[in-house]
Structure formats: structure tokens, C-alpha cells
Amino acid sequence: MVSRIFLFLLTTLFSLTTQGQTAQQIIDQLKTQLSCDWDNETVDTFKSGDPNEQVTGVLCCMFADMQVLQEAVAKNCNLIITHEPVFYNHLDETKDLQDDPVLQDKLAYIKAHELIIWRFHDHWHRHQPDGIYVGMLDKLGWANQTVANHINLVKTQSQSLKDLAHKLQSVFEIPGIRVIGDPALEVSKIGLALGAPGAKRQIALLQDVDVIIAGEAQEWETYQYINDAVMQGKPKAVIFLGHLKSEEAGMAYLAEWMTSFIKGVPIHFSENQVPYWTPNEDDF
């Protein structure tokens with residue numbers, strides 16, 4: 001009798017492992033690992049594909065652009081987890097772009113390759129500690145240099161603003177980092193305002209630090225505020241990395257984090273290529 005029960009359990013386990021997991025099952029597992037409650041009023045939803053399809057592989061990314069879609073196909077990953085929208089606006093509404101050839105070609109590629117895309121934005125930020133900030137701190141080597149319980153405040157050895165900007169340029173390989181402030185300004189108290197939290201939060205953060213490392217902002221808001229502060233002789237500065245590179249390390253961390261509880265499915269991270277370039281004298 002015991003041997004029959006054992007054989008039944010073994011057969012059942014083998015069946016489950018060979019059947020694989022669906023996209024919905026993987027996302028459900030992810031939700032159980034979050035430190036925050038799940039809010040149904042969220043952009044963190046499936047954007048394409050059938051959640052009940054079995055997953056061959058997972059690809060985590062910042063933007064699900066065409067390069068990432070092609071990489072997913074090449075790596076046999078039919079589940080893409082993206083931090084930002086797929087269809088060019090926060091809610092991924094496509095009504096106004098129904099006849100747009102760019103959208104139609106993207107949708108056709110997704111459908112042809114049966115790609116399942118799920119967005120993971122709100123709850124990755126609400127998770128404690130914020131997954132995006134954890135990834136960024138790890139990439140910069142500042143994981144042990146945060147101030148008290150503030151994941152967005154860092155205390156480093158004093159360095160010039162110019163040297164800090166060069167470090168960021170080297171780490172992220174971004175053409176055209178934007179810096180406002182005296183290059184010789186000595187900075188050691190650094191605030192992180194990743195992504196696009198808005199001018200109110202960026203300006204408030206600047207009161208407690210020498211420099212903020214930001215994603216992006218409206219040019220008539222934070223840009224002008226810090227520009228005026230510098231012109232008034234105040235020792236303040238900002239370095240804008242752009243939205244993509246200011247948050248992307250958090251999605252690399254997501255892939256690593258998921259491997260701790262998702263088993264039997266390959267999980268990869270895809271780095272987005274910066275799409276813009278900066279002209280130089282050699283171009284003319």
C-alpha cells in the first residue's frame with residue numbers, strides 16, 4: 001500500500017515538472033514573494049499573449065522594444081516582464097494608434113511569435129526595499145553606503161562633480177549625460193531620484209544632498225530650479241541619466257531575484273540599447 005502511494009506521488013510530481021508552468025502561475029508565484037499587498041488598480045497586468053500558455057523562458061527588461069522582442073525569440077523566451085509600457089503610453093492604450101504602421105508591425109511580431117508580455121512597475125517599486133533602487137545601488141557599488149533607512153540617500157567619499165559624472169558615464173556608457181553644476185563642486189551626499197518621480201520630489205530631495213542623480217524631468221521644472229540655484233552660487237548639482245539607464249539595473253536585479261524561487265524555467269535579463277546618439281566633429 002505504501003509503495004502504491006509513493007508511486008502515485010512520484011508520478012504526480014513527474015507530471016507537474018514535465019508539464020511546466022504557465023505564465024499566470026509564474027506571475028502568481030512572484031506575487032507571493034512581494035512584501036507589499038497586491039493592488040488591483042495597477043498597470044501591472046498582461047499586455048499581450050495567453051497567460052495560460054506554458055512558459056519556455058522568461059526575459060526581464062526595462063523596455064519591451066523590438067530589439068528585446070527579437071532577443072526573446074532568439075533565446076526561446078515567450079514570457080517578457082517589462083518595467084515600462086509596451087505601446088507608447090502609461091496605460092498601454094492603443095485606440096488612438098489603431099492604424100499606425102509602427103504599432104501594427106509590433107503587434108504582428110508579438111502575435112506571430114506568441115509572446116506573452118507582463119508589466120511589472122507599481123509593485124516592484126512598492127516592494128521593500130524598492131527593487132529598482134536595490135539594482136541601481138548594486139550596480140554603482142553603493143549598497144552599503146545608504147543613509148539610515150533611506151534607500152535613496154547615499155554617503156560617499158568626497159569627490160568632484162566632474163569625477164562623479166565621469167564614473168556614471170563609464171558605468172552606463174550613455175552618450176550625452178546632462179549635468180548642471182560646477183564641475184569642481186565637491187560632493188559626498190548623493191540623492192537618487194530614479195525614473196521620473198516629478199519635480200516636487202526631485203527638488204525636495206535636493207535640499208538634503210549635494211547632488212541628485214536623476215532619470216528625467218520637464219526642462220522647465222527641475223532643470224530650471226537647479227540652474228537658478230547654481231547661478232545664485234548655491235552648492236547644488238544634478239546629473240540626468242535618462243529614464244532608461246536610471247532604472248534598468250533594477251530589472252537585472254529582478255531576473256536574479258526571480259531565480260531564487262522560480263525553478264525549472266530559464267530566466268534572463270535583456271539590456272536595452274540607448275537609442276539616441278550624439279554628433280561629434282568626425283560626423284561633419
For the stretch 117-137, does any single residue satisfy the condition of being without any contact (Cβ under 8 Å) to a residue 60 or more places away in the chain and open to solvent by 80 Å² or more (accessible area, probe 1.4 Å)?
no
Wholly within the stretch 148-193, which strands (runs of 3 or more DSSP E) include no fewer than the required count, namely at least 1 residues that are exposed (fewer than 14 other Cβ atoms within 10 Å of the Cβ), hydroxyl-bearing (Ser, Thr, Tyr) and in contact (Cβ under 8 Å) with a residue 24 or more places away in the chain?
150-160
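Considering only the stretch 123-139, I want to know if a residue exists there that is aliphatic (A, V, I, L, M) and in a loop (DSSP other than H, G, I, E, B).
Within the stretch 123-139 (the criterion being aliphatic (A, V, I, L, M) and in a loop (DSSP other than H, G, I, E, B)), the answer is no, since none of the residues qualifies.
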Only one of Asp65, Asp96 is more than 19 Å from Ile267 (Cβ to Cβ), modelled with pLDDT of 95 or more and charged (D, E, K, R). Can you tell me which?
Asp65
Counting only residues that are open to solvent by less than 20 Å² (accessible area, probe 1.4 Å), closer than 22 Å to Ser160 by Cβ and assigned to a loop (DSSP other than H, G, I, E, B), how many does the stretch 194-219 have?
1
Please determine whether any residue of the stretch 56-64 is open to solvent by less than 50 Å² (accessible area, probe 1.4 Å), within 28 Å of Gln128 (Cβ to Cβ) and more than 16 Å from the chain's Cα centre (by Cα).
no
In the stretch 91-110, anything without any contact (Cβ under 8 Å) to a residue 12 or more places away in the chain, open to solvent by 80 Å² or more (accessible area, probe 1.4 Å) and either under 30 Å from Asn40 (Cβ atoms) or assigned to a loop (DSSP other than H, G, I, E, B) (or both) is listed as Glu93, Lys95, Asp96, Gln98, Asp99
Mind listing whichever residues of the stretch 69-116 are in contact with a Ser or Thr (Cβ under 6 Å, 6 or more places away or on another chain) and under 15 Å from Asn272 (Cβ atoms)?
Glu71
Restricting attention to the stretch 220-233, which residues are surrounded by 18 or more Cβ atoms within 10 Å (Cβ to Cβ) and under 15 Å from Pro183 (Cβ atoms)?
Ile226
Would you check if Val274 is hydrophobic (A, V, I, L, M, F, W, C) and more than 30 Å from Ile80 (Cα to Cα)?
no
If I filter the stretch 249-283 down to residues being in contact with a Cys (Cβ under 8 Å, 6 or more places away or on another chain), open to solvent by less than 40 Å² (accessible area, probe 1.4 Å) and assigned to a loop (DSSP other than H, G, I, E, B), which single residue comes out as farthest from Phe63 (Cα to Cα)?
Ser270
Can you find a residue that is in contact (Cβ under 8 Å) with a residue 12 or more places away in the chain, surrounded by fewer than 16 Cβ atoms within 10 Å (Cβ to Cβ), acidic (Asp, Glu) and within 14 Å of Leu115 (Cβ to Cβ) anywhere in the stretch 30-41?
no
Looking at Lys236, is it touching a residue at least 40 places away in the same chain (Cβ under 8 Å), in contact with a strand residue (DSSP E or B) (Cβ under 9 Å, 6 or more places away or on another chain) and surrounded by 19 or more Cβ atoms within 10 Å (Cβ to Cβ)?
yes
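The values are calculated or read from the model by the stated rules, or taken from the named source; none is laboratory data. Bear in mind that the values here come from a model prediction, so they are computed numbers and not experimental data. Positions of Cβ are backbone-derived with ideal geometry, glycine not excepted, and every protein chain shown enters the neighbour counts. Just so you know, the surface numbers come from the protein's heavy atoms only, side chains and all, with ligands and any DNA or RNA stripped out. Shrake-Rupley method; radii C 1.70, N 1.55, O 1.52, S 1.80 Å.
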